[in-house]
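Below you'll find the structure, written out as structure tokens, and then a few comments.
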Amino acid sequence: MLAEETDILKGKLKEVFGYNQFRGNQQAIIENILAGKNTFVIMPTGAGKSLCYQLPAIISDGLAIVISPLIALMKNQVDQLRAFGINAQFLNSTLTKGEINRVKRESLNGNIKLLYVAPESLTKEENVNFLQQANISFVAVDEAHCISEWGHDFRPEYRRIKEIIGQLGNLPVIALTATATPKVQQDIQRNLQMEDADLFKSSFNRTNLFYEVRPKKHAKKQLVQYLAKHKNNSGIIYCLSRKKVQEVAEILNVNGFNAAPYHAGLDPSIREKNQDDFLNENVNIIVATIAFGMGIDKPDVRFVIHYDVPKSLEGYYQETGRAGRDGLQGECLMFYSHNDINKLEKFNKDKSVQERENALILLQEMSYYAESPVCRRKQLLHYFGEEYKVDNCEQCDNCQNPKEKFQAEQELKIVIEAALTTGERFGLTHLVNVIRGSENQYVKSYDHDKLDVYGKGNEESIDFWKSNVRQALIYEFLEKDIENIGVLKVSERGRKFLKDSYPIKFAKDHEYATDASEEENSERPRVDSKAYDVKLFGLLKGLRKKIADQKELPPFVIFQDPSLEEMATTYPTTEAELANVNGVGMGKVQKFGQQFLSLISDYVDENEITTASEVVIKSSVNRSKMKIFIIQQIDKKVDLEEIADAKGISFDDLLKEIENICYSGTKLNLDYYIDQVLDDEKQDDLYDYFLNADTDNIQEALKDQDNEDYSEEELRLMRIKFMSEYAN
Ligand code: ADP
Ligand code: ZN
């Protein structure tokens, strides 16, 4: 491009938008589209994509069409452009007939420079007819990843765009997106028939973002603790369901944070207000479903938390990208659990087989990311087809706390050999089956059990080998086959390594327990075995044993293990804090509390530990009404079935409520009911059992030979009686 032409561009940049310099690739992109060439732009959010079509639209003769999926965004952009003095309009379903006619008239007059069109409107025949008469400079396809079902926001109407553009003449196309894996990129180019396009891809590395994944255990507690350290900062918390959004927002407000919910189920006026409150800093935290954030240009979002696991890494990257747009530090924290992955899989069960498989593959990528010991940044960038060569990014949990590494030269050779000798036509699971010498029919049907590599890794676990295959992929010894999703091929680097290997280190994956409870609203949470203070737990157990021996009671009557674990997590030092622990009510605090509290206080002092007051979260759920009702009814000796009916809950749920009440230390006298269902002898029998048992676990009780005549319900009723009389 000539110097004068560059000057013209720069002049317009300053004159219209007020900027002195182009950013990154902007100028090259603009020149490319002005030269009438197909242009493909992949640029992270916030880098300045819009300018890449807005400026050429202003300079060119005629009108540029901008296809954009979000109606709300359209209005925003058009308003901004008008503020710059540019005549931009939009065409979508929110306009009245009269407005549509006006837009059409102005378009044909040549007054409009940019016309934003929703894909649904574009495909309407009457609009196609009208556009055929207009003088169009070029077409911009914004959010182009919507074309691909392998992205995170597939919109079937996007697939028809090329067909329509074709009807409008031979127009240059500029496609833009903020995320595109190599597969999505290929989809976009194929679908828009612009394989010839010049590609302008910026780095996806957001150096100011810190990435972290934590196990989703006691997530609300962790959340409150985290937010307490980020007081006064703006942040977004993403949840998967509207219900969860409401619940989390409520919990945060009860705990003194300033949070507002945002999801599609809210009244539009409330949604808008909450969004404005966030932008204007009347509210610090927005708790949202993924519906929030498109087009939100708040520069100082300091943290983005994924309370639930997102559906794809692309979505994750996109959402975390809303942190730190001003270039200052932004923290991205994700809570991860297998459970979430399972739940998401279930959401997909009504989809077609194909869609379900696609969604599953995206979800798998998500769990690989979470479980992997490899630098998060390296993984994210690799996902978008970018190699990150730095060893330690210093801005992710895996780099800050590296997992111990092991020599993996032999393992890597086995992985590559497996991919190569099976013909580079299989995915991770099959490779692992071959390596571990699985008896799987599928393996045999390909004669892969006859390969040299078959069974070479039979001494290690499936997870170990899966992790090695994924690391081989991330370190680019293997590569994904773009044409066949899931298939792994051997890269150049892999072939070289096999011929001439060298020492290399891998690490083992993070382990996430599958069972423990994730959120503390559940009846009696189990604390993650790693999450509590093992030393304190030991001391508490010792104290419990001492008291139990003195009183000649089984230890569980005093406090149950989950309660002790929770104490060893939250360090209660006052009676009120202790009463907040699950399974500990005021009754028990009064009876046994003092000794436990003084033990914990001493321990906390000696070890300089953060105490409960900083950790305990208040629950927003008002269960006390139910509780009071049940206690009153039992006092009046009302039949349990009747109580359950009155509250509209099952008998089983009622028993659970009663157990909760009882385990929290309130005495309940159920004799009037128990006497109806169990005779004296049986009662004595069961009493004896609980007095001598090591545990009050009902499953254990059911397994005991002596109890074979009793039902689970009977055992539970007697346990309540027993606990009430002995413990409370
Ligand atoms: P994207 O669509 O890529 O997320 P935008 O087009 O919304 O990003 O631009 C992000 C921000 O950067 C906007 O506030 C925009 O005004 C600003 N911006 C774009 N180009 C430049 C530039 N050359 N100089 C300064 N600011 C720019
Ligand atoms: Zn890192």
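The values are calculated or read from the model by the stated rules, or taken from the named source; none is laboratory data. Values in this document were obtained by computation on a predicted structure and should not be read as measured data. Note that we place each Cβ from the backbone using ideal geometry, even for glycine, and neighbour counts take in every protein chain shown. Accessible surface areas use protein heavy atoms only, side chains included; no ligands, DNA or RNA. Shrake-Rupley method; radii C 1.70, N 1.55, O 1.52, S 1.80 Å.
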Are any of the pairs Lys551/Lys721; Lys346/Lys505; Lys37/Lys113 more than 28 Å apart by Cα-Cα distance, and if so, which? Lys346/Lys505
Under 5 Å between amide H atoms, partner at least 5 residues away or on a different chain: which partners does Phe90 have, H built in plane at 1.01 Å? Tyr116
Output the peptides 373-379, 243-249 sorted from most to least packed, where packing is the average of other Cβ atoms within 10 Å over each peptide's residues. 373-379, 243-249
Rg to Rh ratio, the stretch 209-399, alpha-carbon atoms and Kirkwood radius? 0.96
With +1 on each Lys and Arg Cβ and -1 on each Asp and Glu Cβ, and nothing else charged, work out how big the dipole of the stretch 209-399 is about its Cα centre, in Debye to the nearest 20. 580 debye
Pop out the ³J(HN,Hα) list for the stretch 597-607 in order, Karplus 6.51 cos²θ - 1.76 cosθ + 1.60 with θ = phi - 60°, rounded to Hz; leave Gly and Pro as x. 4, 6, 4, 5, 4, 4, 4, 4, 4, 4, 9
Expressed as an acute angle from 0 to 90° and rounded to the nearest 10, what is the orientation of the C-alpha long axis of helix 338-347 relative to the principal long axis of the chain? 60 degrees
Nearby aspartates and glutamates by direct alpha-carbon distance to Lys703 (threshold 17 angstrom, same-chain neighbours under 8 apart not counted): Asp685, Asp688, Asp694, Glu712, Glu713, Glu714
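For the stretch 624-726, what % of the accessible area comes from carbon and sulfur atoms, probe 1.4 Å?
Its accessible area is 41 percent carbon and sulfur atoms.
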How large is the accessible surface of Glu106 in square angstrom, using a 1.4 angstrom probe and rounding to the nearest 10? 40 Å²
For a quick check: with amide H placed at 1.01 Å from N, whose amide H comes under 5 Å from Val301's, ignoring anything fewer than 5 positions away on the same chain? Gly324, Arg325, Asp326
So what J values fall out for the stretch 644-657 if you push phi through Karplus, 6.51 cos²θ - 1.76 cosθ + 1.60 with θ = phi - 60°, rounded to Hz, Gly and Pro as x? 4, 4, 4, 9, x, 10, 6, 4, 4, 5, 5, 4, 4, 4
Coil-residue trypsin sites (Lys or Arg not before Pro) of the stretch 628-728, DSSP, other Cβ within 10 Å capped at 10: Lys636
With N denoting the number of residues in the stretch 534-615, provide Rg(C-alpha) divided by 2.2 N^0.38 Å, to two decimal places. 0.99
Number of Lys pairs (Cα under 18 Å; 8 or more positions apart or on different chains) in the stretch 362-413: 4
May I ask you to evaluate 6.51 cos²θ - 1.76 cosθ + 1.60, the Karplus curve with θ = phi - 60°, for each residue of the stretch 29-41 and list the ³J(HN,Hα) values in order in whole Hz, giving x for glycine and proline? 5, 5, 4, 5, 6, 5, 7, x, 9, 5, 9, 10, 10
What percent do you get for the relative contact order of the chain when only Cα pairs under 8 Å and 6+ apart count? 9 percent
How much space per residue, in cubic angstrom, does the convex hull of the C-alpha atoms of the stretch 67-212 take up? 140 Å³
Can you give the charge dipole size of the stretch 3-201 about its Cα centre, rounded to the nearest 20 debye, using +1 on the beta carbon of Lys and Arg and -1 on the beta carbon of Asp and Glu? 340 debye
Total charge dipole magnitude, the chain, about the Cα centre, Cβ charges on Lys, Arg, Asp, Glu only, Debye to nearest 20: 3120 debye
Listed by chain and number, the lysines with an alpha carbon less than 28 angstrom from that of Lys351, same-chain partners under 8 positions apart left out, are Lys124, Lys162, Lys183, Lys216, Lys243, Lys244, Lys311, Lys343, Lys466, Lys480
Taking the dipole of the stretch 1-54 about the Cα centre (Lys, Arg +1; Asp, Glu -1; charges at Cβ), the one of Ala35, Thr45, Gln21 that reaches farthest to the positive side is Thr45
When the expected Rg is taken as 2.2 N^0.38 Å, what fraction or multiple of it is the alpha-carbon Rg of the stretch 624-726? 1.05
Relative contact order (percent) for the stretch 75-154, with alpha-carbon contacts under 8 angstrom and 6 or more residues of separation? 24 percent
Where does each of 8-15, 259-266, 337-344 land if you order them by average Cβ count within 10 Å, highest first? 259-266, 337-344, 8-15
For the chain, with the dipole built from +1 on Lys and Arg beta-carbon atoms and -1 on Asp and Glu ones, taken about the Cα centre, which of Ile136, Leu640, Ser367 lies farthest toward the positive end? Ile136
Rg and Dmax in Å for the chain, alpha carbons only: what are they? 31.4, 104
Using a 1.4 Å probe on the protein heavy atoms only, what accessible surface does Glu157 show? Give it in Å² to the nearest 10. 50 Å²
Counting only protein heavy atoms with a 1.4 Å probe and every protein chain in place, the carbon and sulfur fraction of the accessible surface of the stretch 115-241 in whole percent equals 41 percent
Counting all Cα-Cα pairs in the stretch 151-191, those more than 12 Å apart amount in percent to 66 percent
In the chain, with Lys and Arg counted as +1 and Asp and Glu as -1 at Cβ, which of these residues, Phe257, Phe592, Phe477, has the Cα nearest the positive end of the dipole, that is, farthest along it? Phe477
Tally Lys and Arg at +1 and Asp and Glu at -1 over the other residues with C-beta under 14 Å from the C-beta of Gln595: what net charge comes out? +4
Could you state how much accessible area Asp688 has, in square angstrom rounded to the nearest 10, with a 1.4 Å probe and all protein chains kept in place? 90 Å²
How long are the three semi-axes of the equivalent ellipsoid for the stretch 409-503, computed from the Cα gyration tensor as the root of 5 times each eigenvalue, in whole Å, largest first? 19, 15, 12
Neighbour net charge for Arg322 - beta-carbon separation under 10 angstrom, K R +1, D E -1: 0
Net charge (Lys, Arg +1; Asp, Glu -1) of residues whose beta-carbon lies under 14 Å from that of Gly538, Gly538 excluded, is +2
Taking the Cβ-Cβ separation of Phe347 and Ala83 as r and a Förster radius of 41 Å, what is the calculated FRET efficiency to the nearest 0.05? 0.50
So with the 1.4 Å probe, I'd like the accessible area per residue for the chain, rounded to whole Å². 46 Å²
